[in-house]
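As C-alpha cells, the structure follows; a few thoughts come after it.
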There are 2 protein chains.
Amino acid sequence: MKAHVHVTLKSTVLDPQGQAIHNALKKMQYRGVEAVRQGKYFVLTLDDSLDAETAQKEVERIAREVLTNPVIEEFRFHLEDSK
Amino acid sequence: MKAHVHVTLKSTVLDPQGQAIHNALKKMQYRGVEAVRQGKYFVLTLDDSLDAETAQKEVERIAREVLTNPVIEEFRFHLEDSK
C-alpha cells in the first residue's frame with residue numbers, strides 16, 4: 001500500500017518560493033499563470049501487512065507529527081493499494 | 001482553473017532526503033513504513049480566460065521546461081476547475 005501525503009503552506013502564509021517561481025515564469029513569457037504555491041509531496045510505501053484502518057491512523061500520525069509544521073503548514077493524504 | 005503539478009525523482013535515482021525521513025521514522029518508532037520518497041508539489045492558479053486545451057499545453061510546457069530537471073526528475077499534472 002502507498003500513502004500520498006501533500007504538505008502545503010496554509011493559505012494565510014506567504015510563499016516566497018512560489019512567488020519567485022511566478023516572477024520567473026512572467027519574465028520567461030509564460031502566459032496565463034496568476035499565482036504559484038509550492039508544497040511538499042511524500043510517497044510512503046507501507047508494509048502490506050497493515051490493514052487499511054491501521055495504515056490510515058499511522059500515516060495521519062506521521063503526517064501530523066513529523067512531516068508537517070503545524071504553525072504554518074497543513075497536510076492531506078490518501079492511501080492507494082499498490083499492485 | 002488550477003493546475004496541480006507533481007515533480008518526483010525518477011525511480012532509478014537515489015533519494016537521500018526520503019531516506020533520511022525513513023531513518024528518522026524508524027528511530028522514532030513509527031511502524032509499517034518501508035520506504036519514503038520526497039517530491040515537490042506545485043499549485044498553479046491559471047487565468048480563467050484560458051480554455052482547457054491551452055491550459056493543458058501551457059502547464060505541460062511550464063512543468064517540462066521550468067519545474068522539472070529532466071535528468072533526474074519526472075512530472076505529472078492534472079487540471080482542476082476552481083469554483
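How many percent of all Cα-Cα pairs in the protein assembly as shown sit more than 24 Å apart?
Working: 5519 of 13695 pairs.
Within the protein assembly as shown, distances greater than 24 Å cover 40 percent of Cα pairs.
Go ahead and set up a Gaussian network model of chain A, Cα springs under 10 Å, then flag whichever of A:GLU60, A:GLU34, A:GLU73 fluctuates most.
Comparing A:GLU60, A:GLU34, A:GLU73 in the GNM, the peak value goes to A:GLU34.
If we count other beta carbons within 10 Å of each Cβ, what is the order of A:ASP48, A:ASP15, fewest first? Write down the numbers at each step before the final one.
Working: A:ASP48 11, A:ASP15 20.
Fewest to most other Cβ atoms nearby, the residues stand as A:ASP48, A:ASP15.
Calculate, for B:LYS27 and A:LYS10, the FRET efficiency according to 1/(1 + (r/R0)^6) with r their C-beta to C-beta distance and R0 30 Å; round to the nearest 0.05. Walk me through the numbers before you get to the answer.
Numbers: r = 28 Å, r/R0 = 0.95.
Step by step, r from the Cβ atoms, then E = 0.60.
Let me know the charge dipole size of chain B about its Cα centre in debye, to the nearest 20, where only the beta-carbon of Lys, Arg (+1) and Asp, Glu (-1) is charged. Could you put the intermediate results ahead of the total?
Numbers: 12 positive and 13 negative charges, 142 e Å.
Value, rounded to 20: 680 debye.
In whole angstrom, how far apart do the alpha carbon centroids of segment B:67-83 and segment B:1-59 sit?
Each part's Cα centre sits 9 Å from the other's.
Under 21 Å Cα-Cα from A:LYS27, which lysines qualify once same-chain neighbours fewer than 8 residues away are excluded?
Within the straight-line limit of under 21 Å, A:LYS27 reaches these lysines: B:LYS2, B:LYS57.
Compute the acute angle (0 to 90°) between the alpha-carbon long axis of helix A:16-27 and the principal axis of greatest extent of the alpha-carbon atoms of chain A; round to the nearest 10°.
Value to nearest ten degrees: 50.
Please work out which residue of chain A brings its Cβ closest to the axis of the rotation superposing A onto B, and round that distance to whole Å.
Spelled out as residue then distance in Å, it is A:TYR41, 2.
Can you list the copy-to-copy distances for A:GLU65, using a point 7 angstrom from Cα toward Cβ, in nanometres, shortest first?
Nearest to farthest, the other copies are at 4.6 nm.
Which Cα, out of B:ALA24, B:THR54, B:ASN69, lies furthest along the positive dipole direction of segment B:2-80 (beta carbon charges, K/R +1, D/E -1)?
B:ALA24
Is there a simple number for the mean count of other chain Cβ atoms within 10 Å of the Cβ of residues in A:26-32, and what is it? Can you show the working numbers first?
Details: counts 0, 0, 3, 0, 7, 6, 14.
Across A:26-32, the average partner-chain Cβ count within 10 Å equals 4.
Would you list, by chain and number, the aspartates and glutamates whose Cα falls below 15 Å from the Cα of A:LYS26, excluding same-chain residues fewer than 8 positions away?
Cross-link targets: A:GLU34, B:ASP47, B:GLU58, B:GLU65.
In nm, what does the list of distances from B:ALA35 to its counterparts in the other copies look like, shortest first, when each label sits 7 Å along Cα to Cβ?
Those label-point separations list as 3.6 nm.
With everything on Cα atoms, drop me the angle between helix A:52-62 and the longest principal axis of chain A, reported from 0 to 90° to the nearest 10.
50 degrees
About its Cα centre, what dipole magnitude does the protein assembly as shown give when the only charges are +1 on Lys and Arg Cβ and -1 on Asp and Glu Cβ, stated in debye to the nearest 20? Don't skip to the end; give the middle numbers.
Working: 24 positive and 26 negative charges, 109 e Å.
It comes to approximately 520 debye.
In peptide B:44-50, what is the residue-averaged number of other protein chain Cβ atoms found within 10 Å of each Cβ?
Details: counts 11, 8, 5, 4, 2, 2, 3.
Other-chain Cβ atoms within 10 Å of each residue's Cβ, averaged: 5.
Please grab the % of Cα pairs in chain B that end up more than 20 Å from each other. Each step should come with its number before you reach the end.
On the way: 1590 of 3403 pairs.
The proportion of pairs with Cα distances above 20 Å equals 47 percent.
Could you pull the copy-to-copy label distances for A:HIS78, with points set 7 Å along Cα to Cβ, in nm to one decimal and sorted shortest first?
Ordered by increasing distance: 0.5 nm.
With an 8 Å cut-off on Cα pairs and a minimum separation of 6 or more residues, tell me the relative contact order of chain B in percent.
Details: 99 pairs, mean separation 45.4, N = 83.
Relative contact order of chain B: 55 percent.
No value in this document is a laboratory result; all are computed from the given coordinates. On a predicted model such as this, the values are computed, not experimentally measured, just so you know. As a convention, Cβ positions derive from the backbone with ideal geometry for all residues, glycine included, and neighbour counts pool all protein chains shown.
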